[in-house]
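Comments concern the structure below.
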Amino acid sequence: MSGRLEGLEPSKVFHFFEEICSIPHGSYHVDEISRYLEDFALKRNLRVIRDKANNVIIYRDASKGFEDRPVTILQGHMDMVAVNDDPEIDMDVTPLDVCHDGEYIYAKGSSLGGDDGIAVAYMLAILDDERIEAPALEAVFTTNEEVGMDGAIALDASLLKGRRLINLDSEEEGVFTVGCAGGIKMKAGIELEPYGSENLSDKACVRISVNGLLGGHSGEMIIKNRANAIKICGRLLYDICDRFDVELADIKGGTKSNAIADKAEFEILVNKTDIAELEAVIADIEQEIRSEYIKKDDGIRITAAESTLGERCVFSGSSLKKLASFIMAVPDGVQAMCGWTDGLPLTSLNAGIIERKGNTVYTYHELRSQMGSSLQNLKKRVTAIAGAFGAVCENSSEYPEWEYREDSPLRDEMCRVYREMYSAEPKIEVIHAGLECGILAQKIDGFDAVSIGPDILDIHTTKEKLSIKSTERVWKYLLKVLSA
Ligand SMILES: [Zn+2]
């Protein structure tokens, strides 16, 4: 223990935060931190359960005078998105190099895991101090939230008595999240028809690249109507197939289904005599698209460059036309807005990845909705459209929404305490992204939850930083809520 955070307040919270930073705990590498949490409880004679998914539940009895209060669940995830500037450094075995500048805590060269390490630190600091007044507590530390919420999905909710839950996985102080979207990941596969290589001597291979898009998280940023590089490829291919005699050599783009694709490229074979005209067509489409996205996505660039086919197989123009039509037709972006909250998408989807494997091109889509029926309907639409172009769909990792509760005693109570402390109203928010609360809401009858947290900037990046002052304010607020 280096004690880099010593002297910062709240000292216990930062003590535990620093301690967990010394244990590598990226998603899928949670054995050690899970064991550490179990040991923490055993050392303090607190009842603890560690399940097969490495989730840990630690129980604390009610303080004197709080025996009649409803059991409260505190919850956060123990895994973090572990990213490092230096690819040589193995985050699975290397502790975080934690520092602070008086205002923010960060980790040198890597993500910090304030998301959601600060929840773990808060919960440990509470469990560690018997003087903190609180109702009976069930502290739930879940695993692998960042990679599909596997821990929450595996959690046996019959181990919990509480119906009220304070989730500590939000990153903006003063914002109470009280609802989230459900989602489905879909994959569509369209088989291409290999084309004989005998008539290719008059052809050249051209790589067309779409770059410079803003991209962004497909939940938070879908409302911005930014461009999607995969959709732009569909548009280009559709026009190109219409005007030229072409075959496809390859196509790829995007990195994650939940990120708006910020770049994509494809390679086609075109008659050598058509190259100049093709370049002109691409320049025209680039101009059109750039104008359509003015002030929304200003960096879009579409370039064409000659490449070499080598020994690669190519695919027929007719099957390429089918692929282009499917990419054009499949819906993308916001499909409907909520009637009950201004500025909140009801239902959306995002094409995040396109790739070719053998003779098949796959597209990966992330569908989201605040309402289960609308999500299911969108799934059917995508399946129907894919079917019309001979594409086959598969679904994976479906997770439920956390529906906004009109009547929420916990929210009312937390708002009251907030008003008393700050003479201000918290911002009540429903988000268009998934949270573990959606999964827990499905499992716990009468689920009443609010998600809060201190200010954390640039999560999931190596610039991630946690505000010290905000951590202290949220800590004091949390203690007030527990003792209210
Ligand atoms: Zn998180």
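Read the figures in this text as sums done on the coordinates, not as results from a lab. If you're wondering where the values come from, they're calculated on a predicted model, not measured in any experiment. Cβ: placed from backbone, ideal geometry, glycine included. Neighbour counts: every protein chain shown.
Peptides 169-179, 398-408 ordered by packing proxy, namely the average of other Cβ atoms within 10 Å per residue, highest first: 169-179, 398-408. Based on every Cα atom in the chain, Rg and the maximum pairwise Cα distance Dmax equal 25.6, 87 Å.
When shorter helices are ignored and each DSSP H run of at least 4 residues is given -39500 (n - 2.57), the per-residue value for the chain at 222 nm works out to -9500 deg cm²/dmol.
With a 10 Å radius around each residue's Cβ, average the other Cβ atoms per peptide and rank 284-295, 17-28, 156-167, highest first. It would help to have the intermediate numbers written out before the result.
Working: 284-295: 12.9, 17-28: 20.2, 156-167: 17.9.
Final packing ranking: 17-28, 156-167, 284-295.
Once C-alpha pairs closer than 8 Å and six or more residues apart are averaged by separation and normalised to the residue number of the chain, the relative contact order reads 23 percent. When Rg and the Kirkwood radius Rh are both evaluated on Cα atoms of the range 183-399, their ratio Rg/Rh stands at 0.99.
Taking a 30 Å limit on the Cα-Cα distance, which of the listed pairs Lys380/Lys465; Lys256/Lys321; Lys12/Lys256; Lys296/Lys463; Lys203/Lys295; Lys203/Lys224 fall beyond it?
Values: Lys380/Lys465 41 Å; Lys256/Lys321 25 Å; Lys12/Lys256 37 Å; Lys296/Lys463 24 Å; Lys203/Lys295 39 Å; Lys203/Lys224 40 Å.
Too far apart for the 30 Å limit: Lys380/Lys465; Lys12/Lys256; Lys203/Lys295; Lys203/Lys224.
Using Cα-Cα distances under 8 Å and only pairs 6 or more residues apart, what relative contact order does the range 183-399 have, in percent? Spell out each step's value before the answer.
Numbers: 486 pairs, mean separation 77.2, N = 217.
Relative CO of the range 183-399 lands at 36 percent.
Proximity of backbone amide H atoms, modeled 1.01 Å from N, is registered between Leu309 and Cys205 at under 5 Å, excluding neighbours fewer than 5 places apart on the same chain.
3J(HN,Hα) couplings calculated from phi for the range 81-92 with the Karplus curve 6.51 cos²θ - 1.76 cosθ + 1.60 (θ = phi - 60°) are, in sequence order, 7, 9, 10, 9, 5, 9, x, 6, 7, 8, 5, 6 Hz; Gly and Pro show x.
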